[in-house]
Amino acid sequence: MVTSEAARVVRADKGAVLVLPGHQTPGAADPTEAVRVVLDRDGLVATTGEERLAPTVGDWLDVVDDHAVLIHERRTALVRDTAGATSHVQALAANVDVVVIVEHLDPDPDLGRIERMLTLAWRSGARPVVVLTKADLVPDPEGMAADVAGVALAVDVHTVSVWEDRGLDAVRALLAPGVTLVVVGPSGAGKSSLVNALAGREVMDTGGQRNDGRGRHTTTFRQLVPLTGGAMLIDTPGIRGVGVVADVDALDTTFSDVAALADRCRFADCHHTGDAGCAIAAALDSGELSERRFDSWRRLAKEAAYQARRSDARLAAEERDRWKRVTKDYQRGLRGPGQPRH
Ligand SMILES: Nc1nc2c(ncn2[C@@H]2O[C@H](COP(=O)(O)OP(=O)(O)OP(=O)(O)O)[C@@H](O)[C@H]2O)c(=O)[nH]1
Ligand SMILES: [Mg+2]
Ligand SMILES: [Zn+2]
């Protein structure tokens, strides 16, 4: 492809990405028409800023002679903490408008996981919605949805059954032309089944008839699927645990009830561990705040603080490296061109 036209990444692998030329997205483009674009050896592409990034699904790229030359600035980015990896954070998807948090009703929805995914979503800049799947397997899906709504504050919660074609219209209503949605959730939740139902065709492999809710990881890569109506859906593999990247704002949005209580503690630096005048302790006593939710908030806050410290340390190290380079260049400059090193 020789073009200066921006192209959208529909799949990102090591060394190469698949893109659809901009004029095909949004639209009824067939993802099999995607073009392979080669990356540099390090897999990184220049950005409009100083850093080079690994392109991720949903990115817009400038492509010249089948080479990715520039990643456009990401409007939103779903990032997770990857402990142990060199870069520490990984962008799961870029330029997403809606994060569809998919969770099964059977087995019971995991409220802590939903809170984690909500934090990830709020952090991304995209709007979250929760979709509870497999409504056909439980007697009272609406009652369960109400429980979930209690932890997904100010977020729409839908219940669906793909098998019985129930509740899908509420999700279809999100598929406006030009909108990009990403589905996230545990393996076996029914993400790919939902994507296929919304696409109206079998785009993604699903876990067949197996239905024990256990992780099988049918989907193994992230894939952007352009829908006929002009919306784009990104399917992702089930993630067992997702490290949440530090963001106090995202946590305060997900846990707005806990944040409001913390504001009412007598001391601004209250640790909520038996301090005098602690509004959180009072709410735990009265049952207004559940131990489960408080623990969930505390765990995520701790994780976020740890991640922030680590990324501060990394930034400091990068800054040191940059100064080392600058000083070296400066000294080289003093010696003038062509001078011997010693
Ligand atoms: N009963 C019932 N089963 C469903 C429904 N939707 C999906 N399933 C089943 O749940 C299993 C997992 O579905 P998938 O769509 O592959 O799940 P996934 O979230 O994409 O899983 P990964 O790709 O591993 O992350 C399959 O056996 C589906 O047939 C539903 O509405 N009702
Ligand atoms: Mg899948
Ligand atoms: Zn307190």
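The values are calculated or read from the model by the stated rules, or taken from the named source; none is laboratory data. The structure displayed is predicted, hence computed values, not measured ones. Note that we place each Cβ from the backbone using ideal geometry, even for glycine, and neighbour counts take in every protein chain shown. Calculation scope for accessible area: heavy atoms of the full protein, side chains included, ligands and nucleic acids excluded. Shrake-Rupley method; radii C 1.70, N 1.55, O 1.52, S 1.80 Å.
Yes or no, residue by residue, for (1) loosely packed, with under 12 Cβ neighbours inside 10 Å; (2) within 16 Å of ligand 1 (Cβ to nearest atom); (3) outside any loop (DSSP other than H, G, I, E, B); (4) without any contact (Cβ under 8 Å) to a residue 12 or more places away in the chain:
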{"position": "L261", "(1), (2), (3), (4)": "no, no, yes, no"}
{"position": "C265", "(1), (2), (3), (4)": "no, no, no, no"}
{"position": "G274", "(1), (2), (3), (4)": "yes, no, no, yes"}
{"position": "I280", "(1), (2), (3), (4)": "no, no, yes, no"}
{"position": "D285", "(1), (2), (3), (4)": "yes, no, yes, yes"}
{"position": "R293", "(1), (2), (3), (4)": "no, no, yes, no"}
{"position": "S296", "(1), (2), (3), (4)": "no, no, yes, no"}
{"position": "S311", "(1), (2), (3), (4)": "no, no, yes, no"}
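Answer yes if at least one residue in the stretch 80-92 is modelled with pLDDT of 95 or more, assigned to a loop (DSSP other than H, G, I, E, B) and within 20 Å of the chain's Cα centre (by Cα), and no otherwise. Don't jump to the end; show me each part of the working.
Applying the first criterion (modelled with pLDDT of 95 or more) to the stretch 80-92 yields none.
Scanning the stretch 80-92, I find no residue that is modelled with pLDDT of 95 or more, assigned to a loop (DSSP other than H, G, I, E, B) and within 20 Å of the chain's Cα centre (by Cα), so the answer is no.
Inspect all residues belonging to the stretch 174-181 and state whether any of them is within 16 Å of ligand 2 (Cβ to nearest atom) and open to solvent by less than 60 Å² (accessible area, probe 1.4 Å).
Here is the first cut: in the stretch 174-181, the ones within 16 Å of ligand 2 (Cβ to nearest atom) are 181.
Still in the list and also open to solvent by less than 60 Å² (accessible area, probe 1.4 Å): 181.
Within the stretch 174-181, one or more residues are within 16 Å of ligand 2 (Cβ to nearest atom) and open to solvent by less than 60 Å² (accessible area, probe 1.4 Å).
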Residue within the stretch 146-160 that is in the same structural domain as D108 (by TED's automatic domain parsing), within 8 Å of ligand 1 (Cβ to nearest atom) and either touching a helix residue (DSSP H, G or I) at 6+ places or on another chain (Cβ under 9 Å) or at pLDDT 95 or above (or both) present: yes
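Results for (1) open to solvent by 40 Å² or more (accessible area, probe 1.4 Å); (2) within 16 Å of ligand 2 (Cβ to nearest atom), shown as yes or no for each residue.
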| residue | (1), (2) |
| --- | --- |
| R116 | yes, no |
| G125 | yes, no |
| P128 | no, no |
| A135 | no, no |
| G143 | no, no |
| G150 | yes, no |
| V160 | no, yes |
| E164 | yes, no |
Residue among V98, V89 that alone is under 25 Å from L18 (Cβ atoms), of a type in the set (A, V, I, L, M, F, W, C) and open to solvent by 40 Å² or more (accessible area, probe 1.4 Å): V89
Yes/no for T228 being touching a helix residue (DSSP H, G or I) at 6+ places or on another chain (Cβ under 6 Å) and outside the structural domain of G58 (by TED's automatic domain parsing): no
Selection count, the stretch 242-259, where residues are open to solvent by 50 Å² or more (accessible area, probe 1.4 Å), free of Cβ contacts under 8 Å to residues at least 60 places away in the same chain and of a type outside the set (V, I, T): 1
Single unsatisfied condition, S193 versus (1) modelled with pLDDT under 95; (2) surrounded by 15 or more Cβ atoms within 10 Å (Cβ to Cβ): (1)
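Of the residues A259, A250, which single one is farther than 20 Å from D81 by Cα and more than 16 Å from ligand 2 (Cβ to nearest atom)? Give the steps one after another, and end with the answer.
On the way: A250 fails: farther than 20 Å from D81 by Cα.
After ruling out the rest, the residue left standing is A259.
Say whether the condition of being assigned to a loop (DSSP other than H, G, I, E, B) and touching a residue at least 24 places away in the same chain (Cβ under 8 Å) is met by at least one residue in the stretch 191-198. Please lay out each step first, then the result.
We begin by selecting, within the stretch 191-198, every residue assigned to a loop (DSSP other than H, G, I, E, B); these are none.
No, every residue in the stretch 191-198 fails to be assigned to a loop (DSSP other than H, G, I, E, B) and touching a residue at least 24 places away in the same chain (Cβ under 8 Å).
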